[in-house]
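Beneath this line is the structure, given in structure tokens, with notes to follow.
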């Protein structure tokens, strides 16, 4: 087997991975993930840098002759493409968490051209094959991410209930269903996006050492990122893990708990300490005050008397006695024994 064929095989192995699944978790390369965690990361990925790198590489492929003196600018363009795609991979789960050698993705290509390209060497068929293998493998990765983002954002936003899964597929294969548009205005039929790239091998076995997985796990061998995203999202629906868009930052997140969170735990936009969930709690509190006259009366009175303590117009001990009495009055109001106006009068009677 020659060098470019070795390179193709190595690249295919790096982009694929085995998933050891159990309960609401799974293990890849010794790293444990919660269901929905990686597919949320795929949906959140900024696709623009991928598209820019892809377009640049496509131009290189169209303008590279099969037999000519080596074009060093072309070689540098391929390496820029490699660097960009590897940087994107290493920032994307599961690749970002699993140990992947940077050299295994494009180091062989660098070494190959570094050793063989000189002014007396012509651009051979093998050189062209290496280019093609490199380009096509990452082209598949680009297509996988695009398909996952277009299809599964649609599924999560328009078919929120797992029971609507069948209707989603009915719409996917309906010629009259809306077509999907990417950020660049290109139109895609859902049924074309839905096509599965590769067959996945399913097996059972003992998990890798160091894992918290049980003694026997379901093992799925993926060679397509789209297939993996599809499996993870569907498995999340089956296991009751919700993947949804955060009401604060707009990014997708997975929620394995029974509580129906609508805010993620990431840092809120423009914040250095507060998370979206913290800001969401504040908003909920403000909405509660605005829409709940009893709570509004209670909070106004509480702030008033607490300010008296700060200004030394009231003893801390007296305030604590008042606060306990205020809670009793508030609960009576919620029980229907007092209206908001009666509560205000009693709270301010001290």
Within the stretch 231-256, residues under 14 Å from the mean Cα position of the chain (by Cα) and on the phi > 0 side of the Ramachandran plot come out as 250
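Suppose we filter 307, 326 for residues that are surrounded by fewer than 13 Cβ atoms within 10 Å (Cβ to Cβ) and more than 28 Å from residue 152 (Cα to Cα); which single one remains?
Step by step, each of 307, 326 is checked, and only 307 is surrounded by fewer than 13 Cβ atoms within 10 Å (Cβ to Cβ) and more than 28 Å from residue 152 (Cα to Cα).
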Notebook entry, point to check: Yes or no: residue 262 touching a residue at least 60 places away in the same chain (Cβ under 8 Å) and not in a helix (DSSP H, G or I)?
Noted result: no
Quiz item: Would you say residue 133 is in a loop (DSSP other than H, G, I, E, B), surrounded by 12 or more Cβ atoms within 10 Å (Cβ to Cβ) and either modelled with pLDDT of 85 or more or more than 20 Å from the chain's Cα centre (by Cα) (or both)?
Solution: no
Taking residue 184, is it over 23 Å from the mean Cα position of the chain (by Cα) and at pLDDT below 70? no
Counting only residues that are surrounded by fewer than 13 Cβ atoms within 10 Å (Cβ to Cβ), modelled with pLDDT under 85 and within 20 Å of residue 158 (Cα to Cα), the stretch 236-291 contains a total of 1
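The values are calculated or read from the model by the stated rules, or taken from the named source; none is laboratory data. The structure presented is a predicted model; accordingly, all values stated were derived computationally and were not measured. Methodologically, a virtual Cβ is constructed for each residue, glycine included, from the backbone with ideal geometry; neighbour enumeration extends over all protein chains shown.
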